[in-house]
Structure formats: C-alpha cells, structure tokens
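Encoded as structure tokens, the structure appears first; notes follow it.
The values are calculated or read from the model by the stated rules, or taken from the named source; none is laboratory data. Nothing here was measured: the structure is a model prediction, and the numbers come from that model. Note that each Cβ is placed from the backbone with ideal geometry, even for glycine, and that neighbours are counted across all protein chains shown.
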Amino acid sequence: MSTAPHKGPVIAVVGPSGVGKDSVMSGLAVANPGLRCLRRVITRAPEAGGEDYQAVNDAEFDALVRADVFVLHWGAHGLRYGIPRDIEKLRAGAEGVLVNLSRGVLLQAQEVFDDFRVISVTARPEVLAGRLAGRGRESATEVQRRLARAAKPLPAGLRQVATVDNSGDLCTAVRAAQDALQPERA
C-alpha cells in the first residue's frame, strides 16, 4: 500500500490563438470541481485581458527566473510565460491541474511532470479568424501570422494526447474534453 499523497495529472491545454483554450479550461473546471486551473505568469500588460494571469514586466520575469520560481518558462509571440513551481501544491489532492501551454514546451513539460496529458483544442480557420479579429489584441498582420501558425502540428513523442474541436458550441467542446480525461473502463 502506497503512503504517497495523491497527485493529479498536469493537463496541458494547447492550441492556436483564438481557439478557446481558456474557455474550455474554465468549462472543465466548472464541470469538475476536482480540477484546478493554474495561473501563469506572463510579460503581458495587466489590462490586455483574456485569461487570468499574473502580469509582470521583463525585469520582474528575469528576477523570478533567477529565484528559480518556475518549473517551466519559455517565450512565444514576443511574450514570456512561466509556470510556477507551486503547481505541485495544486496537484496534491486534485483530480488534475489544467494549464495553458505552448506547443513548443510540451516535450519539456512531459519530462518535468510524472503524469502529463495534452488536450489539443482545434477550430476551423474561419472560426479562428473571427475570434482573433473580435478580441482586438492583434493587428491584421499579426492575426494573419497567428492563422498561418494554427496548422502547426504538435511535436512528435507526446504520450497522451486528445483532440477537441471547439468550432461550435462550447458545451460540446467541454463535454468532449471531459470524455477525453475519463480513464478507460475495462
């Protein structure tokens, strides 16, 4: 009999900008109170909106890196992102911890976390274009760059990946993600 405390898996939710990763994560957390959402640290202005994140500037981010606060950190789209080490506290006793990760850091995350799963959220290109334009955070040129990157595949070598289409009703996407997280029944 193991005396080690239960630790839920780290569940990376990934996909292109505008696909609705944060909406799917929020829906999953509401549908399953045993799931926790991790708040990332981002070098993005606090008024930029979108997900719930800890906004820091580059100097603050550098100080956090030097203090070894992050279990993972990376750069993407001109910003820097960090996953605090306190993710392990969230995992203790949780059914899982949902975290919005970039595709480029998935293999590293798979090595860092002993129980790691990926939910890849997709949507049709016209849906992505409309969502990106609607949020107003990027210029038309940046929207086009993000759409061009949307088809980029996940890295090879990931062990547990489920794909969820979020082109339509959010409830349908959340149900699909819930089904993907259910353990296989014998």
Worksheet entry | Among (1) in contact with a Phe, Trp or Tyr (Cβ under 9 Å, 6 or more places away or on another chain); (2) crowded, with 19+ Cβ neighbours inside 10 Å, the one test that M25 misses | (1)
Worksheet item: Of all residues in segment 28-78, which are small (G, A, S) and crowded, with 16+ Cβ neighbours inside 10 Å?
Response: A29
Worksheet, complete the sentence: For segment 169-180, pairs from a residue that is surrounded by fewer than 18 Cβ atoms within 10 Å (Cβ to Cβ) to a residue that is in a helix (DSSP H, G or I) and of a type in the set (A, V, I, L, M, F, W, C), with Cβ under 7 Å and 6 or more apart or across chains, are Q178/L28; Q178/A31
Worksheet entry | segment 83-111, subset touching a Gly at 6+ places or on another chain (Cβ under 7 Å) and not in a loop (DSSP other than H, G, I, E, B), residue farthest from V65 (Cα to Cα) | G96
Worksheet entry | Filter pass, L158 being crowded, with 18+ Cβ neighbours inside 10 Å, among the aliphatic types (A, V, I, L, M), touching a strand residue (DSSP E or B) at 6+ places or on another chain (Cβ under 8 Å) and free of Cβ contacts under 8 Å to residues at least 60 places away in the same chain | yes
Worksheet item: In segment 135-186, what residues are more than 20 Å from V118 (Cβ to Cβ) and of a type in the set (G, A, S)?
Response: G136, S139, A140, A148, G168, A186
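For (1) without any contact (Cβ under 8 Å) to a residue 60 or more places away in the chain; (2) under 12 Å from the mean Cα position of the chain (by Cα); (3) on the phi > 0 side of the Ramachandran plot, each residue gets a yes or a no:
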| residue | (1), (2), (3) |
| --- | --- |
| H6 | no, no, no |
| K21 | no, yes, no |
| R44 | yes, no, no |
| Q54 | yes, no, no |
| I83 | yes, yes, no |
Discussion item. Tell me whether segment 160-174 contains one or more residues that are closer than 30 Å to P9 by Cα and in contact with a Phe, Trp or Tyr (Cβ under 8 Å, 6 or more places away or on another chain).
Written reply: yes
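Looking for something part of a helix (DSSP H, G or I), modelled with pLDDT of 95 or more and out of contact with any strand residue (DSSP E or B) (no Cβ under 8 Å at 6 or more places or on another chain) - is there at least one such residue anywhere in segment 42-50? Show your work before the answer.
First, the residues of segment 42-50 that are part of a helix (DSSP H, G or I): 46-48.
Keeping just the survivors that are modelled with pLDDT of 95 or more gives none.
Within segment 42-50, not a single residue is part of a helix (DSSP H, G or I), modelled with pLDDT of 95 or more and out of contact with any strand residue (DSSP E or B) (no Cβ under 8 Å at 6 or more places or on another chain).
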Worksheet item: For segment 112-131, which residues satisfy the criterion of being more than 18 Å from M25 (Cα to Cα) and in a helix (DSSP H, G or I)?
Response: V112, P125, E126, V127, A129, G130
